[in-house]
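For reference, the structure is listed below as structure tokens.
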Amino acid sequence: MPRKKSTQKDKEIVPEEKNKKAEEVTDFSNKEKNPVEEFTQPDMEKTNESQPAIAAEKEQLGEFDSEDVNQNKYVAVFSYLSILVLIPLLLKRDSAFCQKHAKQGLVWLAFLIITSFCYFIPFFNILYALMVIGVTLTCFIKTLQGKYWPIPLISQWAEKINL
């Protein structure tokens, strides 16, 4: 059988038919329900009830009130200076930022006292001193930036302290 030559009219019909089929397939819109309109804002009462939970979560993550941080970050640095840990621990009882650093500083002091025998072991004493200086400087810098850096292993013990 000979093939029929396509005419200009045939070419115009085919795209129109494809468009109609495409519209039928992709027309999922339901004019009664609009998903954008269905979204509602959460009730303010529900969000206010969860405020204490959010505040406790922020404290665990090391996020504190910016006013508290700005007022007390210089006092919180004393937490990592040996016996001077008592300054933020006793003087700034109302500051969550100072108390968190003071608790960690107290455990850090206990760790340094317990492991002080490491200074008498040759070659190991250099590594130990570098570790102590590095951790202390990191804590200083992070505290002055207004952040809480949990010292690995030490911070777990500090979180258990209730004062």
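The values are calculated or read from the model by the stated rules, or taken from the named source; none is laboratory data. All of these numbers come straight from a predicted model, not from anything done at the bench. Using ideal geometry, Cβ is built from the backbone for each residue, glycine included, and neighbour counts are taken over all protein chains shown.
Hey, among the residues in region 96-116 that are crowded, with 20+ Cβ neighbours inside 10 Å and under 20 Å from the mean Cα position of the chain (by Cα), which one's nearest to Ile154 (Cα to Cα)?
Gln104
In region 117-139, which residue that is modelled with pLDDT of 90 or more and surrounded by 15 or more Cβ atoms within 10 Å (Cβ to Cβ) is nearest to Val77 (Cα to Cα)?
In this case the residue turns out to be Cys139.
Hey, can you tell me all the residues within region 78-115 that are more than 18 Å from Tyr128 (Cα to Cα) and either of a type in the set (Asp, Glu) or outside any helix (DSSP H, G or I) (or both)? Even if it seems obvious, please write down each step before you answer.
From region 78-115, those more than 18 Å from Tyr128 (Cα to Cα) are 78-79, 83-104, 106; that's our starting set.
Lys92, Arg93, Asp94, Ser95 - these are the residues of region 78-115 that are more than 18 Å from Tyr128 (Cα to Cα) and either of a type in the set (Asp, Glu) or outside any helix (DSSP H, G or I) (or both).
Just a yes or no: is a residue in region 122-138 more than 18 Å from Ser66 (Cα to Cα), aliphatic (A, V, I, L, M), touching a helix residue (DSSP H, G or I) at 6+ places or on another chain (Cβ under 7 Å) and part of a helix (DSSP H, G or I)? Don't jump to the end; show me each part of the working.
In the first step, residues of region 122-138 are kept if they are more than 18 Å from Ser66 (Cα to Cα); the result is 122-138.
Imposing the further condition that a residue be aliphatic (A, V, I, L, M) reduces the set to 126-127, 129-133, 135, 137.
If we keep only those that are touching a helix residue (DSSP H, G or I) at 6+ places or on another chain (Cβ under 7 Å) too, we end up with 132.
If we keep only those that are part of a helix (DSSP H, G or I) as well, we get 132.
Yes: one or more hits.
Go through (1) among the hydroxyl-bearing types (Ser, Thr, Tyr); (2) without any contact (Cβ under 8 Å) to a residue 24 or more places away in the chain; (3) surrounded by 19 or more Cβ atoms within 10 Å (Cβ to Cβ) for Ser79 and report which single condition fails.
If we test Ser79 against (1) among the hydroxyl-bearing types (Ser, Thr, Tyr); (2) without any contact (Cβ under 8 Å) to a residue 24 or more places away in the chain; (3) surrounded by 19 or more Cβ atoms within 10 Å (Cβ to Cβ), just (2) comes out false.
Scan region 117-156 residue by residue and report those that are on the phi > 0 side of the Ramachandran plot and over 26 Å from the mean Cα position of the chain (by Cα).
Taking region 117-156 first, the residues on the phi > 0 side of the Ramachandran plot are 123, 146, 153.
Listed by number, the list holds a single entry, Phe123.
Going through region 82-95 one residue at a time, which ones are surrounded by 17 or more Cβ atoms within 10 Å (Cβ to Cβ) and touching a residue at least 24 places away in the same chain (Cβ under 8 Å)? First the steps, then the outcome.
Step one: list which residues in region 82-95 are surrounded by 17 or more Cβ atoms within 10 Å (Cβ to Cβ), which gives 85, 87-89, 92, 95.
Of everything in region 82-95, those that are surrounded by 17 or more Cβ atoms within 10 Å (Cβ to Cβ) and touching a residue at least 24 places away in the same chain (Cβ under 8 Å) turn out to be Val85, Leu89, Ser95.
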